[in-house]
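Written out below as structure tokens is the structure these notes cover.
The values are calculated or read from the model by the stated rules, or taken from the named source; none is laboratory data. Just so we're clear, the structure is a prediction, and the values are computed from it rather than from any experiment. Positions of Cβ are backbone-derived with ideal geometry, glycine not excepted, and every protein chain shown enters the neighbour counts. In case anyone asks, the SASA skips ligands and DNA or RNA and just uses the protein heavy atoms, side chains included. Shrake-Rupley method; radii C 1.70, N 1.55, O 1.52, S 1.80 Å.
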Amino acid sequence: MRAVLAEDQALLRVGLERILQAGDIDVVASVDNAPELAIALGRDDVDVAVTDVRLPPTFTTEGLAAAISVREQRPGFPVLVLSQYVEPLYARDLLAGGEGAVGYLLKDRVSDVDGFLAAVRQVAGGGTVLDPEVVAGLVTRRERPLDRLTDREREVLTLMAEGRSNAAIAARLFVTEKAIGKHTNSIFTKLDLPPASDDNRRVLAVLAWLNSA
């Protein structure tokens with residue numbers, strides 16, 4: 001079996017490579033960013049892809065977007081997505097085609113080496129593997145999206161609703177603009193706002209905040 005691996009954290013990427021190789025899965029391409037992943041997925045000698053949801057350059061949904069794109073071009077192409085957090089919206093996007101041969105696991109499951117390798121093989125064989133926490137999020141999550149936000153994220157969204165830019169919010173909260181960028185991306189994810197321009201998602205996030213008032 002031949003696999004493409006995409007993970008931006010070097011230590012985790014090397015660890016995943018070794019796990020896959022030890023499981024008799026040949027890693028024919030190991031990349032740390034979305035452009036290189038897109039090239040690797042264009043190969044015709046690949047049986048399965050294992051990718052992080054978030055990759056450079058923006059660390060939003062590049063890995064997921066690449067997975068969905070290759071499955072649109074090659075229906076049923078096996079893809080196992082890894083994520084740091086439970087993000088039901090991303091799982092729904094990945095499953096939307098209904099062809100099978102997909103998986104969505106939290107990264108901490110990789111510590112169960114046998115389970116991880118079994119998941120890769122199951123996906124490569126046309127099966128579907130979903131992390132139990134992701135299933136719970138898809139089936140039973142009934143709270144309002146805003147209830148998912150942390151206190152700091154609520155602060156950021158409130159200031160966003162006042163029309164402040166990321167730079168202005170950072171100055172107000174005495175943190176870096178990069179930190180605010182991470183908070184806003186997390187807000188968009190938790191509010192189930194699909195990939196779009198940040199300007200559009202800011203408007204939708206503010207509308208969610210106003211509707212909750």
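Brief remarks follow.
- Sequence-ordered 3J(HN,Hα) estimates for segment 6-18 from the Karplus curve with 6.51, -1.76 and 1.60 and θ = phi - 60° stand at 10, 7, 7, 7, 4, 5, 5, 4, 5, x, 5, 4, 5 Hz, glycine and proline given as x.
- Å² per residue, accessible surface of the chain at 1.4 Å: 49 Å²
- Rounded to the nearest 500, the 222 nm mean residue ellipticity of the chain from helices alone is -15500 deg cm²/dmol, with -39,500 (n - 2.57) taken per DSSP H run of at least 4 residues.
- Remark: segment 67-79, residue by residue, has Karplus-estimated 3J(HN,Hα) of 5, 5, 5, 5, 6, 6, 7, 10, x, x, 4, x, 9 Hz, where x stands for each Gly or Pro and the curve is 6.51 cos²θ - 1.76 cosθ + 1.60 at θ = phi - 60°.
- Taking amide H as placed 1.01 Å from N in the peptide plane, the amide H of Arg54 sits under 5 Å from that of Gly63, each at least 5 places away or on another chain.
- For the chain: rounded, prolate or oblate by the Cα gyration tensor [a/c cutoff 1.5]: prolate
- Computed from label points 7 Å out along Cα-Cβ, the spacing between Val113 and Arg92 is 3.8 nm.
- With 0.36 nm allotted per residue and the present C-alpha distance subtracted, the Asn33-Arg172 stretch has 46.8 nm of extension available.
- Under 5 Å from the amide H of Ala49 lie the amide H atoms of Val4, Val79, Leu80, each residue being 5 or more positions distant or on a separate chain, with H modelled from the backbone and absent for Pro and chain starts.
- Phi to ³J(HN,Hα) by Karplus 6.51 cos²θ - 1.76 cosθ + 1.60 over segment 152-166, Hz, x for Gly, Pro: 5, 5, 5, 4, 4, 5, 4, 5, 4, 5, 7, x, 7, 6, 4
- Accessible surface of the chain, 1.4 Å probe, proportion on carbon and sulfur as whole %: 53 percent
- Entry note, the chain: relative contact order of 14 percent, from Cα contacts under 8 Å with a spacing of 6+ residues.
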